[in-house]
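Reviewing the structure listed below.
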Amino acid sequence: MRLSPRTLAETRNAARPAYDRARVTPGIVHLGLGNFHRAHQAVYVDDCLAAMPDWGIRGVSLRRPDMRDALAPQSGLYTLAIRDGEGTRARIIGAVLDVLVATEAGGGVLAALCDPAIRIVSLTVTEKGYCRDGAGDLALEHPAVAADLAMPESPGSVPGLLVEALRRRRAAGVAPFTVLSCDNLPDNGATLARIVTQFARQRDAGLADWIAAEVAFPASMVDRIVPATGDGDLAEIAALTGVEDAWPVVTEPFCQWVIEDRFPAGRPDLAAAGVEFVDDVAPYEKMKLRMLNGAHSTLAYLGQLGHHETVADVMEDAELAALVAEVMREAAGTLPLPAADMADYAARLQARFRNPALHHRTAQIAMDGSQKLPQRLLAPIAEAQAAGRPWAAMGRGVAGWIAYVLARDGAVEDPLAGPLRAAAATGPEAILSLRAVFGDLADARWFTDAMLAEVARRRS
């Protein structure tokens, strides 16, 4: 029996939507509909729909139709499975009304973005979806950006889609939507605003000025560990709930969302659902990027090199668990937050990493390292060095990535796979010379000498 509105009442051991789904209408378009959004933002929105049913979500898959094909027969319904050492708790989420596919002609993505009912466009497109260069600006040579600038009314990139939708809304006299980044980027709101306005300026200076003046790009910080869904998860969740779900999502109990409260077009009452609205997201953002994500990347690369399949497996290795704790301590030293708060946060992170029920694969975390390391490890290393603070543990994470790339001869899943493959054929010095990854650190002998020594030690 397949999960659907018709079979919803037949589900067992699962909480069901506490609202009449027939009354829900879309107010949000989400770009990059994947497991993380469905386990995080969509759950918060789901909690708001009983009181505010005009905030349903239209999801957009930017590349493949897999998610649409899985959820369409279920009318967007899916199972959220929360796991810890005590077992699995299930909940059916109804916030996602449908899924569009950006790569399909006539897919309706621009029409959805131009709908006046849509007041928020949110994103989880990962670091590589922002089409940035090494300086953090729009990469004009990026193939997707170049294609969109050549044919701007048929865009496929994130900046291209947003700019064309905003252009059409402006021309039609429709108020702009708020653009809400939920990706792990430093100052993600301002970063996205810069990319979008730079793309718009390539098309029309007046449009760029209008976007800069009229469109809100609030910053946010998101935190929840969401592993990829496996075949075993499908079978377990079907046995628990009594219905088959083509693509359930598995996660941990912990969940956090911190947002800068700038929504001129309105928003659901997310505070009632547990969202923290603040004036400045930056401290939370840096804390998460450097302590959680930096430690995650470190354990992913060293875990892969040590043949540890999951995060929990890494944390069973006493030496690596101690290194993860030291990475967190060093990262905390770069943050303008109370030491006691950081120590408590680190302890909670390590407990989350040890959750044996999540099966969060180190291979999943290891993807796209060239895009992740600059903000997770390289920036805090540079700041620690300038302040005379220790950074050797964070450096071991970077060296782990270099050794991981070399061990695979550069054949890694990464937007810079081509340059990494070429550099790996030469050696670690060539990888360290990639300014698209290391920026000014590529010229810093204090850094490169330490990395070469650590990589040599690890490969010996």
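The values are calculated or read from the model by the stated rules, or taken from the named source; none is laboratory data. Everything numeric here is computed off the predicted structure, so don't read it as measured data. Ideal geometry is used to build each Cβ from the backbone, glycine not excepted, and the neighbour counts take in all protein chains shown. Quick note on the areas: whole protein, heavy atoms, side chains included, nothing else; ligands and nucleic acids left out. Shrake-Rupley method; radii C 1.70, N 1.55, O 1.52, S 1.80 Å.
Counting only protein heavy atoms and a 1.4 Å probe, tell me what percentage of the range 36-140's accessible area is made up of carbon and sulfur.
Numbers: 1810 of 3500 Å².
Heavy-atom surface of the range 36-140 belonging to carbon and sulfur, 1.4 Å probe: 52 percent.
Over the range 1-142, what is the percentage of antiparallel beta bridges among all DSSP beta bridges, to the nearest 5?
Working: 8 of 24 bridges.
So the antiparallel bridges in the range 1-142 amount to around 35 percent.
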Descending accessible area (1.4 Å probe), largest on the left, turns 299, 110 into 110, 299
As a test, work out the antiparallel percent of DSSP beta bridges whose residues both lie in the range 49-119, rounded to the nearest 5. 60
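Ignoring ligands, DNA and RNA, what accessible area per residue does the range 178-300 give at 1.4 Å, in Å²? Mind dumping the intermediate values first?
Details: 4010 Å² over 123 residues.
The answer is 33 Å² per residue.
Please tell me the relative contact order of the range 323-460 in percent, rounded to the nearest whole number, where contacts are Cα pairs under 8 Å and at least six residues apart.
On the way: 114 pairs, mean separation 32.5, N = 138.
Relative contact order here is 24 percent.
In whole percent, and with a 1.4 Å probe on the protein chains, what portion of the accessible area of the range 321-381 is carbon and sulfur? Kindly include the intermediate steps, with their values, before the conclusion.
Values: 1300 of 2170 Å².
Ligands and nucleic acids excluded, carbon and sulfur reach 60 percent.
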Could you give the accessible area per residue of the range 51-170, probe 1.4 Å, as a whole number in Å²? 38
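Taking every DSSP beta bridge with both residues inside the chain, roughly what % is antiparallel (nearest 5)?
Details: 13 of 40 bridges.
Around 30 percent of the beta bridges assigned by DSSP in the chain are antiparallel ones.
Anything in the chain that counts as a DSSP H helix reaching 15 Å or more along its axis (C-alpha) with Kyte-Doolittle mean of at least -1.0? List them, would you? It would help to have the intermediate numbers written out before the result.
Details: long enough: 158-172 (21 Å, 0.11); 188-203 (23 Å, -0.32); 231-241 (16 Å, 0.54); 294-305 (17 Å, 0.39); 318-332 (21 Å, 0.91); 339-353 (21 Å, -0.10); 392-407 (22 Å, 1.23); 445-459 (21 Å, -0.57).
Long hydrophobic helices here: 158-172, 188-203, 231-241, 294-305, 318-332, 339-353, 392-407, 445-459.
Any chance you could list the semi-axes, whole Å, largest first, of the equivalent ellipsoid that the Cα gyration tensor gives for the range 87-162, using √(5λ)?
Numbers: eigenvalues 154, 70, 25 Å².
Equivalent-ellipsoid dimensions as semi-axes: 28, 19, 11 Å.
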Projecting each Cα onto the charge dipole of the chain (Lys/Arg +1, Asp/Glu -1 at the beta carbon, about the Cα centre), which of 175, 374, 304 comes out farthest on the positive side? 175
